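The values are calculated or read from the model by the stated rules, or taken from the named source; none is laboratory data. Keep in mind that what you see is a predicted model, and the values were worked out from it rather than measured. Ideal geometry is used to build each Cβ from the backbone, glycine not excepted, and the neighbour counts take in all protein chains shown. Accessible surface is based on the protein model in full, side chains and every heavy atom, while ligands, DNA and RNA are left aside. Shrake-Rupley method; radii C 1.70, N 1.55, O 1.52, S 1.80 Å.
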Amino acid sequence: MSQEAQAQHRWLDPRIEGRITLTDNVNLTESNRMGDVVLNLGGGLNSRYEGNRVQAAIDYSIDYLYFLSDGETDFRQELFGSLDAEVIEDHLFIGARGSIEQRFLNQRGSLSSNFANRTNNRRALQTYTTSALLRGGLGNFADWRINYRFGLQFSPADNLEDETLTINFSDTKSHELNATVGSGNRFNNFSWRVGVSHRQVLRNLEQSNDFKDQNAFAELIYKFNRHFQLIGNLSYSNNDFQNEVLNQQGFGWETGFRWTPGRKLDLTLTGGKTGNRRTWSGNLQYFFTKRLDFLGTYTDTITANTLLTNNDLQGFRFDQELGLVDPQGIPVDETDPRFSFSDIDFRRRSLRGTLTWRHKRDRAFISADAEWRTFDNDSGTAKSYGVSGRWIHEIDRKTTLETGLSYRRSRFEGQTRVDDFIVGSLDWSKTISEYFRASINFTHSERQSSEQGADLEENALTLYLRGTF
């Protein structure tokens, strides 16, 4: 008991924040741009707990914005929370994630990399998930696991009577269940796994169809040696999709390999057919040096907006210096929107590569991605291509300089509209004392669209002071 108590660590860090932002397009309009000075007073709380079997964290903030041009005010909330616990040692694990994010609902609407402006296109999106993993073994012959995740997502966008909304989509409940049995330690060069999965999204708007996808599979892996192995599986799938290509009722197959010639390279490639569509997937990780590495992935799945948000939330974590970061440690925010929220299910083909570099006081990354979404209502395929980079330099132990640049091209489904979205930022921050930190930030956001009246541009300068107690 004394060892367990000594292993527990608790942090409780309340904070207050003040910002003054000068923006040249406070209403995010193409014409009649209006400048403004926005005062922002906020407070927050970061709390973490680490024990032998329990890790928990929560970061909550609330901001009060005052627009000097007309005296208008606004309140906005942000939250990220996580909980992971080992209830029964080696057998039962539970987890929970929650977030409240200010998100742009419609990619066709107003967008910006700056927080201190106003648009009906920005609303609070709430996402909550709970999960449980139960696992065990049958001697050294087999192991089994059952994983279930329940999700809730809420936003004002389900209010059909609100004429200020730029888009409508449902509040949802989601169920995701995976159960598998696989080979145990007795199997060396030859291993196997069989399983079933069930995914369902229930939407509250009557005109929207629910999502359902069921799958049963058997996977075989043969290891020629420690460097090379063959992968193959057979599956039977059933979903509720209407599109002939996306409908995957029937048998499918997949085959491929995994190659690990050394400590630096790990490559997996597979290809096959599911229903009426050919599928490919891949994962590449390469360590050039201890300071430089590359991670690339390609996936092809049938999914829905809610399920993607659940997956993103599962991998996000809170970094004390960078804020909310993805599984690769790259900051995530609302400055690089890809697609509009929608109740229409879709096929998602996603390609992403990230090059990360670390050296003493410097950190940098370059990330490129491409994504295609083919929707079940025969509206066509939406396409998005982007590249972004960020460099963080510690001038000294108390002073940091950070710069970032991103570019994204979006081609909307069923339309000829093409948007180019560019964001650039420069941030200088300094720790004044044990309790106070100050920064100066400049951001430039620009959208160039082929649709008349859809161009946007904003420049913003923010002075920021934060006190942590």
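Numerical summary
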item	result
Cα gyration tensor category, rounded, prolate or oblate, for region 1-86 with a/c compared to 1.5	prolate
Cβ-Cβ FRET estimate between H91 and Y435, R0 fixed at 45 Å, reported to 0.05	0.55
Pairwise label distance in nanometres, D74 with D24, each label 7 Å out on the Cα-Cβ vector	2.0 nm
Long-range amide H partners of T279 with built H, under 5 Å	G272, K273, T274
Region 377-469 - convex hull of the alpha-carbon atoms, volume per residue in Å³	130 Å³
As computed over the chain, the Cα convex hull volume per residue (Å³)	164 Å³
Linear extension gain, N209 paired with W253, 0.36 nm per residue minus alpha-carbon span	13.0 nm
Column: log10 I(q)/I(0), Debye, Cα scatterers of region 192-290, q = 0.13, 0.15, 0.16, 0.17 Å⁻¹	-0.61, -0.74, -0.80, -0.86
Whole-Å distance, taken between Cα centres, linking region 405-469 and region 130-201	35 Å
Of Q207, T166, W192, farthest towards positive along the dipole that unit charges on Lys, Arg, Asp, Glu beta carbons give region 149-224	W192
Sulfur and carbon atoms: percent of accessible area, region 222-302 [1.4 Å]	57 percent
Global form of region 1-158, assessed from the alpha-carbon gyration tensor, a/c cut-off 1.5	oblate
Within the accessible area of region 343-469 (1.4 Å probe), percent carbon and sulfur	56 percent
Point-charge dipole on Cβ atoms (K/R +1, D/E -1) for the chain, about Cα centre, debye to 20	2160 debye
Whole-number Å³ per residue for the convex hull built on Cα positions in region 111-239	169 Å³
Pairwise label distance in nanometres, Y66 with R118, each label 7 Å out on the Cα-Cβ vector	1.5 nm
Kirkwood-Stokes translational diffusion coefficient of region 55-128, alpha-carbon pairs, 37 °C, 0.692 mPa s, µm²/s	220 µm²/s
Accessible area per residue, Å², the chain with all protein chains present, probe 1.4 Å	52 Å²
